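Derivation of every value follows stated rules applied to the coordinates shown; laboratory data play no part. Remember, predicted model here, so these are calculated numbers, not experimental data. For neighbour counting, all protein chains shown are included, and Cβ atoms are generated from backbone atoms with ideal geometry for every residue, glycine included.
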Amino acid sequence: MKMPEMLDNVSKTVKDDLAISIQKGDKLSIAAACFSIYAYQVLKKQLDGIAELRFIFTSPTFLKESAPRESREFYIPRLDRERSLYGTEFEVKLRTPQSRDMIKNQIESVVWRNKLADSTMGISAGENIKEIQVFEIQLRQKELDKRILPAIAKAIPYKILFVLVFGDESQAWIEASGTFYNTDWLPLNELTLKFEGLNLDAVYGNLARQIAEGRLSESGDISKAVESDIRRQKLEREIAAIEKKMLREKQFNKQVELNAELKKLMKELEALGKCVE
């Protein structure tokens with residue numbers, strides 16, 4: 001008889017265990033809150049050979065809702081459980097062939113580590129941010145396609161603090177006003193962030209500023225700080241382009257025009273730098 005073992009869905013997944021355990025002609029029973037066609041797809045080869053499959057919903061499904069939702073801490077609405085048969089919203093949004101292949105090739109696992117909310121931190125919800133999710137992403141390589149994190153962030157209706165891990169190093173990523181910021185790669189025990197603020201809006205803004213590492217102003221509205229950072233980057237590109245033109249330009253009058261434009265841009269860049277300080 002096989003002894004029970006712990007499946008953490010990180011180093012050992014339910015899918016891998018079922019792929020080994022299911023034999024042709026078996027009668028299989030599964031109890032869970034949700035089931036989707038994608039769960040069937042990854043085990044299609046094994047499931048096609050069994051004699052019988054019985055799926056037991058652990059919460060009432062395809063019935064009138066009876067228990068009040070506020071009485072359950074971890075609540076999956078009945079309609080969501082029923083609709084999940086053809087894939088959850090998160091699965092469907094990330095199920096394009098391109099995103100599926102990128103995730104498969106570059107990510108080993110995604111673990112939901114924490115939920116930061118008024119119920120878990122004792123800090124009131126913000127005007128814009130009600131929850132912050134903390135996702136740990138174990139990578140297969142020390143890089144991640146820039147399209148993956150925005151795709152995950154778009155599929156989940158909460159702000160997310162991403163922690164990428166590769167070997168004994170880690171890197172934090174966060175989105176602020178549509179722009180992603182990240183730390184350098186650091187040893188696991190050296191990546192530290194402070195969760196400070198009177199509400200979750202302030203906590204998230206402070207996280208973004210820490211991760212941006214000096215690129216965002218230390219006070220004021222975070223969206224305005226991001227706007228200033230985007231403008232600063234644009235100015236730096238324009239200045240670099242003009243400096244290259246000046247090196248190639250042979251006409252004196254044109255050099256004077258370019259130099260005047262360069263001084264104007266550098267003055268604006270200097271002013272933005274003072275705002276950040």
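Quick look at the numbers
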{"quantity": "Value of D in µm² per second that Stokes-Einstein yields for the range 164-214, Kirkwood Rh from Cα pairs, at 37 °C (0.692 mPa s)", "calculated": "286"}
{"quantity": "Projected-area average for the range 91-213 over all orientations - Cα convex hull basis, square nanometres", "calculated": "7.5"}
{"quantity": "Built amide H within the under 5 Å cut-off of Arg140, gap 5+", "calculated": "Ile107, Glu108"}
{"quantity": "The range 136-152 - phi-based ³J(HN,Hα) in whole Hz, Karplus 6.51/-1.76/1.60, Gly and Pro as x", "calculated": "9, 10, 7, 9, 8, 8, 8, 6, 9, 4, 5, 7, 6, 4, x, 5, 5"}
{"quantity": "Descending Cα extents along the principal axes, the range 147-244, whole Å", "calculated": "42, 34, 28"}
{"quantity": "Computed Rg/Rh of the range 223-276, alpha carbon atoms with Kirkwood Rh", "calculated": "1.09"}
{"quantity": "Karplus-derived 3J(HN,Hα), 6.51/-1.76/1.60, for each residue of the range 245-255, Hz, glycine and proline x", "calculated": "4, 5, 5, 8, 6, 9, 7, 4, 4, 5, 4"}
{"quantity": "Where GluC sites (Glu not before Pro) fall in DSSP loop in the range 183-232, at most 15 other Cβ within 10 Å", "calculated": "Glu196, Glu213, Glu218"}
{"quantity": "Protection-proxy order for peptides 104-115, 170-181, each taking the mean of Cβ atoms within 10 Å per residue, highest first", "calculated": "170-181, 104-115"}
